[in-house]
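Structure first, then comments.
Values quoted throughout were computed directly from the atomic coordinates according to the rules given, and no laboratory measurement underlies them. Just so it is clear, the structure is predicted and the values come from calculations on it, not from any experiment. Neighbour counts are summed over all protein chains in view; Cβ atoms, including those assigned to glycine, are modelled from backbone coordinates with ideal geometry.
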Amino acid sequence: MDEVEPPKLADEQRWYAEHTALIVSTFKWVLLGACTGICVGLGTRLFLTCLHWSTSSVTRLFSGSVHYYYLLPIILPLCVWLILSFAPSAKGHGTEAVIAAVHESYGKVEWRVAPVKLIATILTLAFGGSVGKEGPCAQIGAAVTSLFADILKLSDQDRRRLVICGIGAGFAAVFGTPVSGALFGIEVLYLGRIEYAVLFPCLVAGITAHLVCGTVAPAPFINEPVGHLGQIQLAILSVVFGSFCGLVALLLIEAMRKTERALRRCAEHPYLIAFLGGLILAILYRFAGTSYQGLGLDVINSSLAGVAPMLIFAFVLKIASTTITLETGGSGGIITPLFFIGATFGAAFAHTFHLPVGLFAAFGYVAVVAAAANTPIALSVMGMAILPESVGVYAALCACTAYLLVGHRSVYASQKLGSVKSGGLSIELDGPIGHLSRRKMRVTPGSATDRLLRLGDRGTAGIRKVKK
């Protein structure tokens with residue numbers, strides 16, 4: 001057989017045309033990314049300013065009198081009316097609709113989504129609904145860039161890229177971490193796949209939006225020594241704790257899924273569902289405390305500062321309040337509640353096993369989001385950005401472990417399957433996670449999982465024979 005001669009460098013074609021196209025493309029996306037970052041950064045800053053003003057105003061108005069969360073049975077139906085009347089795609093936690101738009105209509109988003117989402121989220125948060133602030137920012141970014149693409153008459157592919165840049169810029173602006181926020185906007189579209197063609201403009205947009213908005217990410221204050229654990233111990237603990245974080249994320253996903261399924265029977269009565277949801281939330285806050293309403297930033301910051309939560313199961317109550325708010329008609333994001341759940345679970349875990357509270361609160365802060373949203377790379381980068389270099393790598397280890405343990409599930413049902421998390425499973429790719437069922441998931445024949453299950457079946461059959 002004749003040997004195939006390896007390619008030689010001298011055989012390559014001339015690079016002039018190639019690099020001319022690359023330079024033009026780079027210059028084009030620097031301009032588009034920077035303009036996107038400026039617009040989204042200003043929009044996010046306006047939203048955060050309005051949110052702070054409205055929350056402060058409601059707090060002052062009801063200071064010393066009836067608790068303002070008693071109005072949730074009125075506020076949630078009002079949010080439902082706003083969304084159904086003016087922008088039905090703004091329903092829920094926002095990012096879901098944006099992901100669906102990217103996958104199904106090249107990022108085409110109605111411009112009215114941004115103001116409706118902004119008003120509905122401000123109402124929900126100001127009166128105590130348990131939601132996040134990133135959903136409106138993602139939708140603001142998507143709506144602004146979609147309108148921008150219409151004005152410039154961009155192609156469908158360029159519109160899609162620009163809208164993804166808008167999503168990443170929205171996350172970067174509101175998180176206060178430009179690189180991980182931009183990566184999140186790309187990574188959240190697929191489970192296990194990243195579109196590298198959008199990476200450069202998304203980073204440009206994310207960094208620009210962060211500079212314009214000026215939000216700063218919370219930095220954990222690790223006031224307890226970690227050296228006594230040792231590097232090997234810390235690595236083992238990171239894997240163990242990351243596994244638990246994956247299960248906590250799974251608990252939230254299942255709670256939302258089962259609640260949504262149960263409420264489908266009453267879908268023709270959205271205002272009644274919203275009223276009952278607000279009523280349940282008011283009762284929950286009355287007896288469990290107000291720590292679980294709104295953004296919960298004070299609880300997040302105290303956990304990251306090394307202060308254990310007032311209740312070991314605070315994360316469970318936050319899961320309950322977030323699920324009720326979002327599934328019964330509240331408007332807002334879900335990432336900030338995930339930060340709360342992760343930080344309080346980490347603090348509770350550390351307090352229980354006498355570990356550094358601030359450190360494990362930070363680990364949970366990134367790991368639960370990485371699992372629930374299937375974004376391990378973005379949250380690994382965030383963990384290494386907010387933690388000292390010596391322990392930031394263990395936050396990344398927690399995030400990746402949690403990502404694997406949550407399985408092929410997500411808080412975003414429109415997220416598409418880009419890869420399989422285990423070689424022992426066979427799954428049809430490129431479909432939405434929300435359409436994944438047991439019938440579409442198979443154990444790979446001949447894999448270690450298959451052999452283990454067969455061995456278990458033989459053992460079970462032997463036990464049945466002995467009983468007979």
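Each of Asp158, Asp450 was scored by other Cβ atoms within 10 Å of its Cβ. Listed from fewest to most, they are Asp450, Asp158.
Tally Lys/Arg at +1 and Asp/Glu at -1 over every other residue whose Cβ is under 14 Å from the Cβ of Lys258; what's the total? Walk me through the numbers on the way to the answer.
Working: positive: Arg257, Arg261, Arg264, Arg265, Arg409; negative: Glu254, Glu260, Glu327.
Once all neighbours under 14 Å are counted, the net charge is +2.
Looking at segment 317-379, the chymotrypsin sites (Phe, Trp or Tyr not before Pro) that sit in a DSSP loop and have at most 12 other Cβ atoms within 10 Å of their own Cβ are Phe353.
Ordering 175-181, 196-202 by mean Cβ neighbour count within 10 Å, with the highest value first, yields 175-181, 196-202.
Would you mind counting up the charge near Thr444? Only other residues with Cβ under 11 Å from its Cβ, with Lys and Arg at +1 and Asp and Glu at -1. Its environment carries a net charge of +1.
Taking only the alpha carbons of segment 21-213, we obtain Rg and Dmax values of 17.2, 65 Å in that order. Using the Cβ-Cβ distance between Ser54 and Phe86 with R0 set to 22 Å, the FRET efficiency from 1/(1 + (r/R0)^6) comes to roughly 0.70. For segment 46-138, a simple Cβ point-charge model (Lys and Arg +1, Asp and Glu -1, everything else neutral) yields a dipole of about 180 debye relative to the Cα centre. Pairs Lys318/Lys416; Lys133/Lys153; Lys28/Lys153; Lys133/Lys416; Lys28/Lys416; Lys133/Lys318: which are spaced more than 21 Å apart, C-alpha to C-alpha? Violating the 21 Å limit, Cα to Cα: Lys318/Lys416; Lys133/Lys153; Lys133/Lys416; Lys28/Lys416. Packing around the peptides 17-24, 33-40, 204-211, taken as the average count of other Cβ atoms within 10 Å per residue, puts them in this order, highest first: 204-211, 33-40, 17-24. Ordering Leu162, Leu234 by the number of other Cβ atoms within 10 Å of each residue's own Cβ, fewest first, gives Leu234, Leu162.
Counting other C-beta atoms within 10 Å, which of Ile386, Ile167 has the fewest, and how do the rest follow? All intermediate terms of the calculation are to be shown ahead of the outcome.
Details: Ile386 20, Ile167 35.
Ranked by crowding around the Cβ, least crowded first: Ile386, Ile167.
Among rounded, prolate and oblate, which fits the chain when a ≥ b ≥ c are the square roots of the eigenvalues of its C-alpha gyration tensor, a/c under 1.5 means rounded, and a/b larger than b/c means prolate? Because its axes are fairly even, with a/c under 1.5, the chain counts as rounded.
For a protection proxy built on the mean count of beta-carbon atoms within 10 angstrom, sort 246-253, 137-144, 399-406, 25-32 highest first, please. All intermediate terms of the calculation are to be shown ahead of the outcome.
Details: 246-253: 22.4, 137-144: 32.1, 399-406: 24.8, 25-32: 14.9.
Taking the mean over residues of other Cβ atoms within 10 Å, the ranking is 137-144, 399-406, 246-253, 25-32.
Of the GluC sites (Glu not before Pro) found in segment 244-308, those that fall in a DSSP loop while having at most 10 other beta-carbon atoms within 10 Å are Glu268.
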